[in-house]
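Take a look at the structure below.
The values are calculated or read from the model by the stated rules, or taken from the named source; none is laboratory data. Please read all numbers here as calculations on a predicted model, not as lab measurements. Methodologically, a virtual Cβ is constructed for each residue, glycine included, from the backbone with ideal geometry; neighbour enumeration extends over all protein chains shown.
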Amino acid sequence: MTLSIENQGSSGSAYDFVPGQALENLARVGRGTPMGEVLRRYWQPISLSSKATRTPQNVRVLGEDLVLFRTGKGKVGLLYPRCCHRGASLFFGGVEEEGIRCCYHGWVFDTEGHCLEQPCEPELGLHRDRVRQPWYPVQELYGMVWAYMGPPDRMPILPRIDVFEDVPAGEGVYADDSGFSGGGPAEMDFNWLSHWENVVDPFHVPILHARFSGNQFVPEMAVLPEVSYSYTPSGVRQESQRRLKDGRIFQRITEVVMPNLRVVPDVMMRTVDAPCDTLGWVVPVDDENFKIFTLFRADDPNLLKNMKATYSGRLWAELSEEEHQRTPGDYEAQSSQGKISLHTDDHLTTTDQGVTMLRRLMARIAKQVAEGQDPPGLFFDEADAVIKVSGGNYWVSDTTDDPS
Amino acid sequence: MTLSIENQGSSGSAYDFVPGQALENLARVGRGTPMGEVLRRYWQPISLSSKATRTPQNVRVLGEDLVLFRTGKGKVGLLYPRCCHRGASLFFGGVEEEGIRCCYHGWVFDTEGHCLEQPCEPELGLHRDRVRQPWYPVQELYGMVWAYMGPPDRMPILPRIDVFEDVPAGEGVYADDSGFSGGGPAEMDFNWLSHWENVVDPFHVPILHARFSGNQFVPEMAVLPEVSYSYTPSGVRQESQRRLKDGRIFQRITEVVMPNLRVVPDVMMRTVDAPCDTLGWVVPVDDENFKIFTLFRADDPNLLKNMKATYSGRLWAELSEEEHQRTPGDYEAQSSQGKISLHTDDHLTTTDQGVTMLRRLMARIAKQVAEGQDPPGLFFDEADAVIKVSGGNYWVSDTTDDPS
Amino acid sequence: MTLSIENQGSSGSAYDFVPGQALENLARVGRGTPMGEVLRRYWQPISLSSKATRTPQNVRVLGEDLVLFRTGKGKVGLLYPRCCHRGASLFFGGVEEEGIRCCYHGWVFDTEGHCLEQPCEPELGLHRDRVRQPWYPVQELYGMVWAYMGPPDRMPILPRIDVFEDVPAGEGVYADDSGFSGGGPAEMDFNWLSHWENVVDPFHVPILHARFSGNQFVPEMAVLPEVSYSYTPSGVRQESQRRLKDGRIFQRITEVVMPNLRVVPDVMMRTVDAPCDTLGWVVPVDDENFKIFTLFRADDPNLLKNMKATYSGRLWAELSEEEHQRTPGDYEAQSSQGKISLHTDDHLTTTDQGVTMLRRLMARIAKQVAEGQDPPGLFFDEADAVIKVSGGNYWVSDTTDDPS
C-alpha cells in the first residue's frame, strides 16, 4: 500500500508508468486466503428466508457454490452441490420431509449431510452412514438465512442486534437483497473491498453524490464535513460534522463492524436523533462479485424499494452508458476501480484516513486469524450475544457534544 | 478413484472438504492424451453423409478443428483448415471437381491433401508436390462419414455391423446426429465420459427416469432390476432382469463396446426379442463437449425424431430451468456432474459395478495403447470386419435363461 | 519462419502434423514487446478529432486502455483511466475548462496529468503537485488525433504528408475510422500483422478479389501482374504491371511505410497518373484487434462511405456466414488465419516475396530498436518533417518506364 505520494518518471508519461497490485490479503475471499478465513469466522447472511423453499436454489458465497433448500419439515439446508455418490448436482434434487433426494440414483441427505437412504442398495444402504454430504450450519433470524462457513470447532453464536429487538408496535424488521446502497444491480460485479472501503470514506459524499452528479441524497449531505475517526473494539467509526447555513450542526456517525457490517445512517435523513436502523452486510459472492444484504426497521416493508433512486423518472438500469457518465454514483465510481482495484496505486491523503485505518485493521485481524487467534466481535456466550449499534444521524448544538 | 467410502472430517463440514480430481486419463481426448490416443485408433463417425456437400463445413472432433467437404466428383474430404500456403481457412475455400481451392491465393488440394495447383506460381507451381495439406482418411457407410484420426500405419478396416446388413425389405438404415438419447441439445456441453459411463449404470433408470421424474420410459423400466455384469472381448456387458407384477421376466442386455459405441436396447420397448438395432457413438467434440451419432434400422426414417421426449406437450429446449428441476433427465443429471466430473469424489457402491468395471477396462486399454499395443476390437482382415451386436430386450421364462 | 517447403510425415496425415507458432516478435504490440516498442516510436492516429469531445471516451491502443477527452478550452487529453487518487475511472469524469475532474473525490487533472485541484483537501491540496496522472502527448492534424506513446526523451516530430498539403480549391482532406479497406467491421478482430502483410501481397488480388469472388475491384485488377519489389528507406515498395487485352500497360505502385502506414492506390482506379491520395494506418487495438484510420483527399467528404462494397445490394454485415463463404474478401481471408496467425506454418513461395521482405525488415528494425537505435522514418527537424508518398496507379507505354 502506497501511503506516500510520489511522481512516476520526470515527465509523468504513461509510457513510464508501471501499474501496481491489489491488496490480495484484504480483497480475496476464497478458503485459505487471509481475509477469506476472517470472513468465515462470522455468521454471514446468504439469502432471504423467503427464498429458501422446496425448490433448490444455487447460491454462491465466498467463492463456494452451494445448494440451498427448505425441507418439508421447514428446516433450511445448505449443502455442497455435487452429490457424494456420483456427482449429479443437488440443484436437480427433490426436497422431501427430512432432506433432499439426488435425482440420479436417489440418495437422500438431511440438512447436516447425513445420508438417510440409498434406494438401489441392499436395505437402502447398509453402509450409508459412512458417507456424508458436505454441509454448512444455517440459522434463520430477522427474515434472513445465516450460514457459518468457518472451522466447526470455532463456531460462534449468531448474535442478535439491539436495534431490531423490542421493535415498537406497528413496526417490523425486514430484509432486502436488492443491492440497496450499491447504486447498481442487485449483484455487484466487482470486488467487495471497493464497496466496503467506501463506507469509511465520508468525503466522496459531497463530491460524487452532490457537486458532481447533482444531489443524490438530501441537500444537507452536500456540505463538506469535518470528520474524526476512531477505532472501535471491532471496527472503525467516523463522526462527520456539517455546519449548515442556518447555524445548525448536523452530526453523522458511521461505522464499519468487522468483518463486513456497514452501519450507515439514512442518507435521506428520514430518521434523525436515533440509532441507525438500516444495516447492510457486504457479502462477497466471490473475488469479483458481491451482494448487499440489508436489514431495516420500519412501519413499511416496502420502504427501501420506494427509496430506489430515479433519474428523471427512470431507474439506474434504464440509463444509457452516456447517462451514467453524466450522473455517476457509487456503482460507477467503485466498479470502475476495476474487477479488483490496484490498491498500491492509490495515493491516500488526509481525507482518506478512514480507508487507511480500515486497511490497517483488516490486515492486523487477518494476521491474527492466520496465527490461530479469534478475530474481534465474536460471541460465545448466549447472554451477551447482541451487536450494539452506535451509528446515526444527530442534530447537535455544539461540536463538543457527542451523542454516542 | 475412491472406491472405498469414508467421511470427510468428523463434523462433515464443507469447510473441511477438499474437492477431488477428474480421471484425466479417461476423460481427456486431445492428441497425446491416454484416452485420446485410444479413441484415435478406431474409425469415428464425424458427420452425416448428407452434411458433406460442396459448401465446406467446420467440424470439431477430439479437440481438432477440421473442414469437411464433398468434391464435385463426390469424394468426401476432411482437411486441416489452415491452408499450408498462407493460413487462410479452407472453410472459405471453393469446392471444385477434384478438390478445394483456397480463397486467398487459389491453391487447390485434393481430399488427401495433395496440392494440385498454385495459380500465381510459374507453371501452376513447379514445386507444388513438396507441400501437403494435413488430412484424414474418411469413408462413408450407413449414411455417415467416418474418419480415421490415428497413426496412419495402424489404420484398421472400417467394420460393418451385423444388424445393419441384410436389412429386410421395407426397412432401411438411417443416421441421426440430433443428440438422440442425450436428453438435451444436439451437442452436449460436458465431458463425454459422464454420458459414456451412464450406459453401464442400469440403476439410474428406475430412479431418474421413473420414480423421480415420472415415467420417462415405459412402465416396465421403473422396476428395480437385478443386474449381472461381465467383460466382453472389447467392452462391458450388463444383463438386467426385472420381475414384473404379472409374473413375466423382462431381460435387458446392454453393452458398451470400446471405445465409444453404446448398445442400448430401446427404452420404449418398441422391439423385444430381437437384437438391438439402434446404436450410438459417443463422439467427443473436445474435452468439454460431445455429440451422439446414432444409426438405427426402421421402416420409418423419422422414427427417432418422433420418439423425441415431450413434457406436457413441450420439448426439452422449451422448458424453464425450474421445469428442468422438476423433471430432470439424463442431460440434467450428467451435465450437472460438471464440465469434467471430479471422479475421485465418487463413492462407488455395489450398484455402481458397471462403472467400476468400465473405468478399469478403459484404464487398462489406455495403458496398453500407450505401450504400443493395439486396443481390442480392431479389424485388420476384411473377411471378418463385422461388429456383432448382442444387446437387446427379451422376455424370458426363467432367470437362468440367457438369450445371448 | 519456414521459407523452405517440405512435407509433414510421409502420409501427410493430420495425425502427424504439429502446428507451428506465431512470429511473436512481429505480431505482438504490448509495451516491452519488440514490435510494440517500434510502434511506440512513431505518432499514431488514435481517434477522429470529431470524437474527442467533452464526453470522455474509452480508447484502447497497443493494448493500453486510455481515456480521451477535449477540455473546455479545446485541448485534447489522453490519460491513463485509473485516477491516481483512489482508482475510479476518468471515463466517469467531468470535463472542465482546464482538465477533467474525477467523479469520486473531485481531483482535477490537466491534459498533461498535472493535478490542479483536490477539493476535499486543505487549500485544495497542499501537495497536489506531488502526484501526476499518467498521460500521453497528443496532437491534431488532418482531422485526426495523433498520440505519441513512446519514451518521452525520444519523441519525434509529427510529420505532415505531401499529398495532403497545398490541397486544390474545392478539395479537402478527410479522416475515416470505419475500417475502410478492411473488408469487414470497423474494428477488426484479429492480429494486425495479417492485414499489414496483405498490403505487400499483390497476388491475392486477381485470385481473392476477382477469380474467386467475382470482381470486387475494377476488371483491370483481375489480370495476373508482373511484380518487382524493393526496399525503400523505411519500408517495402512493389511495382505491379498488368498487360491489358487492349495493349495498354497498367502500373501500380504500392508501399508499406514503417511501422504501419499503408499506401495502396485506389483499387477502383478513380484516380490514375497521380500519387496515391488515400493513406491508411493499421493501428493495433491490442494483440488480437486493430483499427484502420484512413486519410483521403477528395471533393466529397462522403467518398469512402459511398465506396462501401455491396453484395447484391446488401452490405457485408448483412450477409449470412454461407454468403461470406461464397464471396470471401480481405476480412474472411485474413481473419480466418487465426486470432494471431501461426506464421511458421506458412510456405512462402516466389509470389510471396513482398511478405518475406517485409518480415525481414520488421525483424531487423525491431532488433535495432531493442538495441537502443532509432527506427527509420522518424523526423526530428521541423523543416523536413514531411512524409513523401510515391505510390499510385499509372498508365505506362512500356515496362521499362518508371514513373516514380
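Brief remarks on what is shown
- Single residue of segment C:345-395 satisfying the filter (of a type in the set (Lys, Arg) and within 18 Å of the chain's Cα centre (by Cα)) that is farthest from the other protein chains (Cβ to nearest Cβ): C:LYS388
- Exclusive hit being aliphatic (A, V, I, L, M) and in contact with a Phe, Trp or Tyr (Cβ under 7 Å, 6 or more places away or on another chain), set B:VAL257, B:VAL267: B:VAL267
- Subset of segment B:228-284 (residues that are hydrophobic (A, V, I, L, M, F, W, C) and part of a loop (DSSP other than H, G, I, E, B)): B:LEU244, B:MET258, B:VAL264, B:VAL267, B:MET268, B:MET269, B:VAL272, B:CYS276
- Cβ-Cβ distances below 6 Å connect the following pairs, each with a first residue in segment C:336-361 that is under 17 Å from B:ARG132 (Cα atoms), a second residue that is assigned to a helix (DSSP H, G or I), and a separation of six or more residues or different chains: C:LEU348/C:THR356.
- Residues that are within 14 Å of another protein chain (Cβ to nearest Cβ), farther than 30 Å from C:HIS324 by Cβ and either polar (S, T, N, Q) or more than 17 Å from the chain's Cα centre (by Cα) (or both) occur at least once in segment C:220-231.
- Within segment B:59-110, the set of residues being of a type in the set (Ser, Thr, Tyr) and in a strand (DSSP E or B) comprises just one member, B:SER89.
- Which numbered condition B:SER312 misses (of (1) at pLDDT 95 or above; (2) surrounded by fewer than 14 Cβ atoms within 10 Å (Cβ to Cβ)): (1)
- Top-ranked residue in segment A:92-105 [being at the interface with chain B (Cβ under 7 Å from one of its Cβ atoms) and buried (at least 24 other Cβ atoms within 10 Å of the Cβ); ranked as farthest from the chain's Cα centre (by Cα)]: A:HIS105
- Some residue of segment B:319-338 being within 24 Å of B:MET144 (Cβ to Cβ), within 14 Å of chain A (Cβ to nearest Cβ), out of contact with any helix residue (DSSP H, G or I) (no Cβ under 6 Å at 6 or more places or on another chain) and not charged (D, E, K, R): yes
- Residue in segment C:308-329 that is hydrophobic (A, V, I, L, M, F, W, C) and in a loop (DSSP other than H, G, I, E, B) present: yes
The rows are residues; the columns are (1) surrounded by fewer than 19 Cβ atoms within 10 Å (Cβ to Cβ); (2) within 30 Å of B:LYS367 (Cβ to Cβ); (3) touching a Phe, Trp or Tyr at 6+ places or on another chain (Cβ under 9 Å); (4) not assigned by TED's automatic domain parsing to the domain that holds B:VAL369.
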residue: B:SER13; (1), (2), (3), (4): no, no, yes, yes
residue: B:GLY20; (1), (2), (3), (4): yes, yes, no, yes
residue: B:LEU23; (1), (2), (3), (4): no, yes, no, yes
residue: B:SER49; (1), (2), (3), (4): yes, no, yes, yes
residue: B:ASN58; (1), (2), (3), (4): yes, no, yes, yes
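- Taking the listed residues B:PHE380, B:PHE290, the one that is surrounded by 19 or more Cβ atoms within 10 Å (Cβ to Cβ) and either in a helix (DSSP H, G or I) or modelled with pLDDT of 95 or more (or both) is B:PHE290, with no other qualifying.
- All positions within segment C:108-125 that are more than 9 Å from chain A (Cβ to nearest Cβ) and either surrounded by fewer than 17 Cβ atoms within 10 Å (Cβ to Cβ) or of a type in the set (D, E, K, R) (or both): C:ASP110, C:GLU117, C:GLU123, C:LEU124
- Among the residues of segment B:27-50, those identified as outside any loop (DSSP other than H, G, I, E, B), of a type outside the set (S, T, N, Q) and away from chain C (no Cβ under 13 Å) are B:ALA27, B:PRO34, B:MET35, B:VAL38, B:PRO45, B:LEU48.
- Here A:THR294 does not qualify as within 14 Å of chain C (Cβ to nearest Cβ) and either among the hydroxyl-bearing types (Ser, Thr, Tyr) or within 20 Å of the chain's Cα centre (by Cα) (or both).
- Looking at B:ILE249, B:ILE253, B:ILE207, just one residue is within 14 Å of chain A (Cβ to nearest Cβ) and among the β-branched types (Val, Ile, Thr), and that residue is B:ILE207.
- Count - residues of segment B:53-72 that are of a type outside the set (A, V, I, L, M, F, W, C), touching a residue at least 60 places away in the same chain (Cβ under 8 Å) and within 11 Å of chain C (Cβ to nearest Cβ): 1
- Failed item in (1) within 26 Å of A:PRO275 (Cβ to Cβ); (2) out of contact with any Ser or Thr (no Cβ under 8 Å at 6 or more places or on another chain); (3) part of a loop (DSSP other than H, G, I, E, B), with A:LEU358 passing the rest: (3)
- Flag if A:GLU24 is acidic (Asp, Glu) and within 12 Å of another protein chain (Cβ to nearest Cβ): no
- From A:VAL236, A:VAL200, A:VAL138, A:VAL145, residue being under 21 Å from A:ARG60 (Cβ atoms), within 16 Å of the chain's Cα centre (by Cα) and buried (at least 20 other Cβ atoms within 10 Å of the Cβ): A:VAL145
- Residue check for A:GLY77: crowded, with 22+ Cβ neighbours inside 10 Å and facing another protein chain (nearest Cβ under 8 Å): no
- One residue stands out in segment B:253-284 among those that are charged (D, E, K, R) and at pLDDT 95 or above: the one that is surrounded by the most Cβ atoms within 10 Å (Cβ to Cβ), namely B:GLU255.
- Neighbours by Cβ (under 7 Å, 6+ apart or cross-chain): first from segment B:175-198, in a helix (DSSP H, G or I); second among the acidic types (Asp, Glu) and surrounded by fewer than 23 Cβ atoms within 10 Å (Cβ to Cβ): B:ASN198/B:ASP330
- Checking A:HIS105, A:HIS85 one by one, the residue that is touching a helix residue (DSSP H, G or I) at 6+ places or on another chain (Cβ under 7 Å) and either acidic (Asp, Glu) or outside the structural domain of A:PHE296 (by TED's automatic domain parsing) (or both) is A:HIS105 and no other.
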